[in-house]
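Please treat every number below as a calculation from the coordinates, not as lab data. Source: prediction; values computed, not measured. Positions of Cβ are backbone-derived with ideal geometry, glycine not excepted, and every protein chain shown enters the neighbour counts.
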Amino acid sequence: MIDFIQMIVSGIAVGSSYALMGLAMVIIYKTSEVPNFAQGEMALISSFFAMMLLTSFHLSVYLAFFFTLVFAVLLGCFLEFAILRRAKEPNVLGMIVITIGIEMILLGFVSWKFGAEQKTMPFPIGPYDSLIIRDIFISKLEVLTLVAALLLMIVLFLFFKFTKLGLAMKATQQNRVAAQIVGIRTNRILMITWGISSLVGAVAGLLISPTIMHPYMMWDPMLKGFAAAVMGGMTSLPGAVVAAYLLGIIENLFGGYVSIEFKTVVAFVIIVLVLCIRPSGLFARHYVKKV
Amino acid sequence: MKKKLLLTLFVFFAILLSFTPDLFAEEGVTDTEIHLGQWGPQSGPAAAWGNVARGTGDYFKWINDNGGIHGRKIVYHMFDDGYNPAKTKAGVKELQEGTGIFAWACGVGTSPGLSVRDYLAKRNVPWVGPAAGSMHWVNPPQKNLFAVYPLYVGEAKALVKYAIETMGKKRVAIAYLNDEYGKNGLRGALAELKAHGLKAVAQVSMEAKDSDLKPHVMKLRKAKPDMVLMWTTVPHSARIVGISKAMKFAPQFMSTSTTSDFPFMMHITKGLWEGVITATLGELPESGYPLLNKYKKEVFDTYAAKGERWGVFYYAGIIFTEPMIEGLKRCGRDLTRENFITAMESISGFKGIGPEVSYKPYNKNDMYSRQGASQTFLLQCLAGGKAKRLTDWMDIK
């Protein structure tokens, strides 16, 4: 029984970083219907930026993180403004290819600038400092990630539901032309969306970096975050978060009780199943356009 | 008509003569140059071992600046394969068929190496010192392939033997990477356990891209081992030790020589590597070994890039290529692949900064005709990344 509870707890713990990446992907998808495959590398470059501030400029962790989040927002805005907006007659496939291109460029830049050797980021909480309650353990860093994911989900949910900007983002996604007619500057909305998404991704990157940093560190969380976003319906923020935790738990239970060798592929089997059985995801409403 | 024919013949022979030196020279060798190649992960999950290829490069620069080899300078072609066998194969083919490489040095990784082993064998291109202790290089032995790295199977046997006979451990669990590298370690450990009438209490495999290792550590903990042998990548090993610490699971950890760069391991585990026992393949940085000191001063201090670290991964790039340089020297000016292979076969009891290296004339039934080194020693990580030598060089055949 202890093992079972531990697997659930470990699943929730690992699900938090998937949730953050899933949230970041959903934010962009909600407004532009483009899955952003550069999400992981945007978080990666922000994390290495923080590392540079800490080690080369010797800033305090809090100051470095603050500047990193500002950098992340600017980076997201810049990528949308300088690259995606320039795409001529964009369609979804073209935009996806552009995001893959951005991913490669950012990955190459990080490898060139910061080197590929593994590092760890200095952080007030050690990556392996843990809380143990009746033989069940969870690391303090994972608790922090869990809190960050839930807080961000709530803030973003409220933001999209109750603020003018949030509603403008929703309107842009649902009907861009109509949104423009009612005076919404859709280009600016898209830019801000990329900025916010980049910030959420950067939080994930910063919380992974104290454990290990290398240019490929965001691949697994990004893929799992994407899987969670698909499972949750791509447009639902709570859906992506709940799906991310479910994914983490399923992976852990599968690894514990079925096969540790195939634990990694469970996420992708789930994507296939969800897309076959419920293409709109587990938590999103399926809109059908009337003609 | 006659004039035209003579002119055509003249042009034909002129063109033929202009190509003559290349037509009759060995591939990758000119009057002034020897082209040697290497792949190495400068990115990806095995990037921690990327300094092997950089160490070799600096060693070659040092040789060139000291006169080269019989009047020829080494031209070193190194590329980043990211520990991805598909990239290794593409890069090797491109360099071999495009530039023309005389011989290949080192090359990190069992799987990347396996992707080009048969290709190089088919072309009889010499390959010396694959930077992995796999049985695949020498079982069966190949005429063109000279292994230096002590076999993982032997390393694993040495570690398990030490755990059982010296430390009195009885319950051994094994965490291994689900590829040929990991399985080589697993085979050695299981064989040694069997020799002592024991079985592994757990065998837990992981994929190179796995980043959540809690389920793996839980499986290990459940088996209640008193020793866990890790045959994984550097980040995996760091995570296993870290998660175990978080779970208050504290067996004796042992690991392969690929994690024996203690200052680096201490850095990425934030000090948790202390106490881990590993095998190793070279003299220790602080040992005061004269040749190692010479390399530190004349190779590392002179040629290493800014930010490079003097450690076992870096000078492993020298260990694996010292016998190759010895072979090239023994060839004299008459450098052909056949002469080089014969020269390599004549190496016996060669001692650089790694284990003793000996080869024999090719014998398809004797893997030690191509497995040059079969020695390792064990060390334990101390505070500050210092190493305590636990054994002397041991023969691990």
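In the neighborhood of B:K87, defined by Cβ-to-Cβ distances under 14 Å, what is the net charge if each Lys or Arg adds +1 and each Asp or Glu adds -1? Walk me through the numbers before you get to the answer.
Details: positive: B:K89, B:K93; negative: B:D80, B:D81, B:E94.
My count for the surroundings of B:K87 gives -1.
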Amide H contacts of B:E33 (H built 1.01 Å from N, under 5 Å, at least 5 apart or other chain): B:K73
Cross-link partners of B:K214 among lysines (Cα-Cα below 23 Å; sequence separation of 8 or more within a chain): A:K119, A:K140, A:K224, A:K263, B:K183, B:K222, B:K224, B:K245, B:K248, B:K270
Distance in nm between pseudo-label sites at B:D118 and A:L63 (7 Å out along the Cβ direction from Cα): 6.0
Global size of chain B as Cα Rg and Dmax, reported in angstrom: 22.9, 95
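Starting from the Cα-Cα distance between B:D31 and B:K388, subtract it from 0.36 nm times their residue separation and give me the gain in nm to one decimal. Before the final figure, lay out the partial values.
Numbers: separation 357, 0.36 × 357 = 128.52 nm, distance 4.75 nm.
Residue separation times 0.36 nm, minus the Cα-Cα distance, leaves 123.8 nm.
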Phi-based couplings in Hz for segment B:113-122 (Karplus 6.51, -1.76, 1.60; Gly and Pro marked x): x, 4, 5, 10, 3, 5, 4, 5, 5, 4
Karplus-derived HN-Hα couplings along segment B:82-97 (A = 6.51, B = -1.76, C = 1.60, θ = phi - 60°), whole Hz, x at Gly and Pro: x, 6, 10, x, 5, 5, 4, 4, 4, x, 5, 4, 4, 6, 5, 8
Label-point separation, A:V70 to A:F162 (7 Å along Cα→Cβ), nm: 2.8
Whole-number percent relative contact order across chain B, with pairs defined as alpha carbons under 8 Å at least 6 apart: 17
Stretch gain in nm, segment A:V182-A:F109, where the contour uses 0.36 nm per residue and the Cα spacing is subtracted: 22.2 nm
At R0 = 30 Å, FRET efficiency that the Cβ-Cβ distance of B:K199 and B:K360 yields, to 0.05: 0.25
Long-range HN-HN contacts of B:M394 with modeled amide H, under 5 Å: B:T376, B:F377
Inter-site label distance for B:K222 and B:K294 at 7 Å from Cα along Cβ, in nm: 5.5
Charge sum, other residues only, whose C-beta stays under 15 Å from A:M25's C-beta, Lys/Arg counted +1 and Asp/Glu -1: -3
Alpha carbon centroid spacing (whole Å) that separates segment A:54-119 from segment A:128-161: 25
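Could you tell me the calculated FRET efficiency between A:L275 and B:E338, based on Cβ-Cβ distance and R0 = 51 angstrom, to the nearest 0.05? Display every interim value, and only then the final one.
Values: r = 59 Å, r/R0 = 1.15.
Once the sixth-power term is evaluated, E becomes 0.30.
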Kirkwood Rh in Å, taken over all unlike Cα pairs in the protein assembly as shown: 27.4
Using a Förster distance of 30 Å, the FRET efficiency for A:L131-B:R309 (Cβ separation, nearest 0.05): 0.30
Protection proxy ranking, peptides B:64-71, B:222-229, A:154-161, B:172-179, average beta carbon neighbours within 10 Å, highest first: B:172-179, B:222-229, A:154-161, B:64-71
Aspartates and glutamates whose Cα lies under 14 Å from that of B:K61, excluding same-chain neighbours fewer than 8 positions away: B:E33, B:E298, B:D301, B:E322
Of the chymotrypsin sites (Phe, Trp or Tyr not before Pro) in segment B:259-365, those whose Cβ has at most 11 other Cβ within 10 Å and which sit in DSSP loop: none
Cut-off 12 Å (backbone N to label point 7 Å along Cα→Cβ of A:A87), residues of segment A:3-45: A:29, A:32-38
Stretch gain in nm, segment B:K329-B:E165, where the contour uses 0.36 nm per residue and the Cα spacing is subtracted: 54.7 nm
